[in-house]
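Chemist: Here it is, the structure, as structure tokens.
Here, each number is a calculation from the coordinates, and none is a lab measurement. The model shown is predicted, which means the values in this text are computed figures rather than measured ones. Virtual Cβ from ideal backbone geometry, glycine too; neighbours counted across all protein chains shown.
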Amino acid sequence: MDLLPSPTGKSMLGQTPYVGGSHRWDGGPFLHYACRKGWLENVPVHLRKCACSVPYRDRRHFQPLQQGEKETFLQTWLFFGLLAEFYGLNGDFTAVAPSDSSHSKATKPDPDRSVEIERLYTIFVKATPRPAGHDYDAQESIISGAPLHDQKEYQRIVSHLMRSLVDAKDSGASRHYLDYLYESLRFTAGLISSLNVSPTDFRSSIAVSVSALGEVCVSSLHWLAQRFEIPRFSGGIWGSHYLKADGDVEKEMLNKEWCRSDIERIRQSFYGLATRHFLSHLQKPKTFSHSSCSVQMCSAAQINASTYALTHVKDCAGCDTIGIDQEDVKSILKSSASTDAFPVLRFELSENGDGKVVRIHVEMYNADKPYVALSHVWADGLGNPRDNSLQSCQIDGLARLVRDISATAVDEASGKTQGGKDQPQYWFWIDTLCCPISVEEKKIALQRIAAVYQNAAHVLVLDQSIYPFPSNGKGATKTAENCLRMVGSATWMRRLWTLQEGALAESLYFQFQDRAVSLVQESKKLHEFAVLDLCYKPIAEDVSLMIRCFKLLCSPSSTNPTPNAQGSRGQKTRRYLDQVHTIQTSLYFRSVSVASDEPLCIATLLSLDPKVMTEVKTCRQERMAAVWRLLAEECGGFFLPWVIFYNDQRLGLSSLRGWRWAPKTLLPQLETGFSYDTATSRFDPRAESTAQMGVVTERGLKVSFPGKRIALRPWAEHESGRLWPWNLFTRKFVENQLLCRDAETGAWYTLSNQMRGEHIEAWTWDEWTKRDAELLAEDKMQPVEGKRPSQPIFNELCRGELALIKDTKLSGHVEVYLLARVQQQPTIEEDKNDGSLHVHACLPLSVTEIASAIWPGLDMLRGMVEQVYGSDINQELLDFLALQEGGRDPDPEVDGEYKRIEQRLRAEMQRVAADALERDTEKHLAWVSDEFIGENKRGDIWKAMVLLTPYEISVKSLPDDQVWVVDGPVVGDGLCHEPCCSPS
């Protein structure tokens, strides 16, 4: 796998086997190879580039292809065919028409092209010894990417592309030619993504080799598009299967001390396959245990102030602490001469030249005192929650680092070091010493944090996940390693406070074992290497994207600049809401030890007044509400409307009426939370005008979306208040989906919990079963129908008047709705005029219309359920349940009579199902069985009865421009019971 760079020079996937044998690429137009070879039935219909009406070979109804046949064909097509396209060895794509049969005819041999294609096989296929112990051929063939690292060989590709673009530009067809190349790449990426990549179907090493080649080709086109001043296309994300959840690469990374949420962050935040491959091979120091971390959140660096212990440097045998004069710090912070004054510190070293610090002087900052602001993760041991002091050995180390950076720091403009006679002497600032413990002065210090990091000559990051590694070394590999240690694997990148410290920095350095390294300068070096070897270009672009995110934060005025510095109200609103989206993408994988600090940091990142935050009491929810109020004021009362759909952590205090639609946190939660894509989409800034945005009112967020009123109607009654006792058989399972029928249209739908679906995507099998077991255990404490924790959708549907609000930015087979409870409508003239409905958000649902071919089978299933409902044994069950105290269901494992009735009811269901199967001459029930029970399990169709809710769903559509005023319910008793509001 030498197409992909790696710090070790190797790949976890090993070498890519060449499986083509004597097969050779035919030199025809790339996109139509499957038609020429009669293989189109294996290409998904949505990916095809022709009008051929060949049905897709669905795995459910056809015998799957043999692994060898599939790998041979696809390697020939997608690897060697793509190579040939970029070497200019394929036929003229304009000479065939996808709409007629000409594209499917065999390619006429071209002797010159055939020779060149054979040369590709000669240089890209290499023989290598097999591992010892094999009793078959001593040699095997592998794919080698070495030619693409060779400048002379790669120049052949560049020369062809440049010639073609020059010729095409002269004829006005340059964009058309680029379109075809990008279309070929998009097709390749799509086809590879559609495959079942596994050891027994299509090996990962082969799939990744194709993706790696595709990524290099994209980089080539981007470089050429820039040179010819042609707008470049998005290259997409290649090799998504390389780091798939619970795959071999992830398991290997977990064994090497990676955190699961670090791995998920790599998947979501780095677009380059080369980047993900390189990061997966980085060595990680064993600094923390990640056994309790989740996919969304790393909890390893969380600290507990009550148990926090000061640490010594590695070789220290023991030393005292050194502190500063706190009265001097307080005096500076309270200085009447300046409202933004803050202290800086100066080391006084011993006279014997041993470099030890004997005293730290406190001085007021001014422009004549350049200083280094230190940014660190408290879990590494440089914090102190009880006193403004540190161990003497740590202080000596800091003095050495501050002294060294003055000799190695690079001027960002010139790129030259600042050493020699002009080497500056730096003061320094660190929060552990400069932020007082006393509450009043600490508030002032926090209000001025932004000024501290903005005015620093350099911000120096101290991180134990970086410090053990040397930075010196030659070549692109070492430069890429340094860059990715800084932005890809550092614990510092996972903490909340450090985000604003990095974003505010004019000059950001990371301390390695041997020196401090400038992130910006190292990134520039990597881009220079990437010009010579395009395999490094995706890494360089990913690093630049991380730097750009830093630059965008803390300065809404720099986002989407307009010719008018003030801009219109709509432009200002757009800039701020764009900023919220950037902040959410940056915060998703970060965490903080003190939850009420989050609003302070967000206020700084949004350039809002932090003083307002510190003046609000320490309640996290009250502070977050203050953030949303300030932001709404800056945005003229507008807000992004999609936040109502994806908000698993709403504000819930009774005192926050009208704001309970808003998130109480943007940080991930250990046991809950949406995926990265969903969390960031709720702040999607795609609204083209303020007319599409929500309006903040004192009663909630006013939005306009299509929707429906929804009600549940029982199709049978009983004096017990019970219906078809479907929960009798579902008590051992957590609710995954509900089947419901629209009484007016006869259409059938599945309703599923959007958030649970995303959890299942992220959880391992062990985590899934563990969490489900916990929910079912909670059910035993609340065994009343409509109140079981394992059945959240059914619980909501059982009570109150409900509505569904549709997320219009999604399209496709699955739709997302917000299930909301309709509230008593206030008598407000404005609301009367716009016909708004006031609702409280409940939970987001994925609503999927079932294929109409299955509806008759589901109607039959409903009839079977009605038949069972009317049976004597079911009436006996309902009478028995009516006698139970408080509507509670007895436990069949304990109550013998209940168990007897349950067994008889099960037998009745099986009898009714058997009769229905005999009458089902058109095989309608077979469709239901295949869809919901499993293929070839028609005898178990009786089990599908329990999928039906005992209600019909009655739906009444509302106008497409229906106005909603959305708030949230009060949570619990309406008070905050989080640590921020505890008596301690």
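Chemist: Please list, or write none, the aspartates and glutamates whose alpha carbon is within less than 20 Å of the alpha carbon of Lys617, excluding same-chain residues fewer than 8 places away.
Modeler: Result set, ordered by chain and number: Glu440, Glu441, Asp597, Glu598, Asp609, Asp973, Glu978.
Chemist: Counting pairwise Cα distances across the chain, what percent come out greater than 46 angstrom?
Modeler: Of all Cα-Cα distances in the chain, 42 percent exceed 46 Å.
Chemist: Mark the label point 7 Å from the Cα of Gln67 along Cα→Cβ and return the residues of segment 233-265 whose backbone N is within less than 16 Å of it.
Modeler: Residues 248 qualify, since their backbone N sits under 16 Å from the label point.
Chemist: Go through Lys284/Lys524; Lys551/Lys572; Lys37/Lys70; Lys256/Lys286 and tell me which ones have a Cα-Cα distance over 20 Å in this structure.
Modeler: From Lys284/Lys524; Lys551/Lys572; Lys37/Lys70; Lys256/Lys286, over 20 Å: Lys284/Lys524.
Chemist: Also: Within 10 Å, count the other beta carbons around each residue, average over each peptide in 108-118, 961-971, and list them highest first.
Modeler: Sorting 108-118, 961-971 by mean packing, highest first, produces 961-971, 108-118.
Chemist: 222 nm [θ] for the chain, helices only, -39500 (n - 2.57) per DSSP H run of 4+, per residue, to 500?
Modeler: The helix contribution divided over the chain gives -11500 deg cm²/dmol.
Chemist: Still on this structure, I have one more. Give, rounded to the nearest 20 debye, the magnitude of the charge dipole that the chain has about its Cα centre when Lys and Arg contribute +1 at Cβ and Asp and Glu contribute -1 at Cβ.
Modeler: Magnitude of the dipole: close to 1600 debye.
Chemist: Related question: Alpha carbon centre of segment 880-946 versus segment 12-28: separation in Å?
Modeler: 53 Å
Chemist: Quick one: if you stick a label point 7 Å off each Cα along the C-beta vector at Ile303 and Gln155, how many nm between them?
Modeler: Rounded to a tenth, the inter-label distance reads 5.6 nm.
Chemist: Among 485-491, 906-912, 675-681, how do they line up from the highest to the lowest mean number of other beta-carbon atoms within 10 Å?
Modeler: Answer by packing, highest mean first, reads 485-491, 675-681, 906-912.
Chemist: Also: Only bridges with both residues in the chain count here: give the DSSP antiparallel percent, nearest 5.
Modeler: In the chain, DSSP labels about 80 percent of beta bridges as antiparallel.
Chemist: In whole Hz and in residue order, list the ³J(HN,Hα) couplings for segment 741-757 that follow from phi through the Karplus curve 6.51 cos²θ - 1.76 cosθ + 1.60, θ = phi - 60°; x for Gly and Pro.
Modeler: Calculated HN-Hα couplings, in order: 10, 6, 5, 7, 9, x, 6, 10, 9, 10, 10, 9, 6, 4, 6, 5, x Hz.
Chemist: Just to be sure I understand the model, the point goes 7 Å from the Cα along the line to the Cβ. What's the resulting Ala127 to Phe880 distance in nm?
Modeler: Spacing of the two 7 Å Cα→Cβ label points: 7.6 nm.
Chemist: Would you mind calculating the relative contact order of the chain from Cα pairs under 8 angstrom and at least 6 residues apart, reporting the percent as a whole number?
Modeler: That works out to 9 percent.
Chemist: At R0 = 22 Å, how high is the FRET efficiency between Thr8 and Leu532 if r is their beta carbon distance? Nearest 0.05 is fine.
Modeler: Step by step, r from the Cβ atoms, then E = 0.55.
Chemist: Separate question: Counting Lys +1, Arg +1, Asp -1, Glu -1, what net charge surrounds Phe512 among other residues with beta carbon under 13 Å of its beta carbon?
Modeler: Combined, the nearby Lys, Arg, Asp and Glu give -2.
Chemist: Take each of the peptides 868-875, 293-300, 856-863, 326-333, average the number of other beta-carbon atoms within 10 Å over its residues, and list them starting from the highest.
Modeler: 293-300, 856-863, 326-333, 868-875
Chemist: Hey, rough spin-label estimate for Thr321 and Thr769, points 7 angstrom out along Cα→Cβ, what's it come to in nanometres?
Modeler: About 4.9 nm, to one decimal.
Chemist: Among Ile123, Ile466, Ser331, which residue has its Cα furthest toward the positive end of the charge dipole of the chain, with +1 on Lys/Arg Cβ and -1 on Asp/Glu Cβ?
Modeler: Of Ile123, Ile466, Ser331, it is Ile123.
Chemist: Relative to the compact-globule scaling 2.2 N^0.38 Å, provide the ratio for the alpha-carbon radius of gyration of segment 208-277.
Modeler: 1.32
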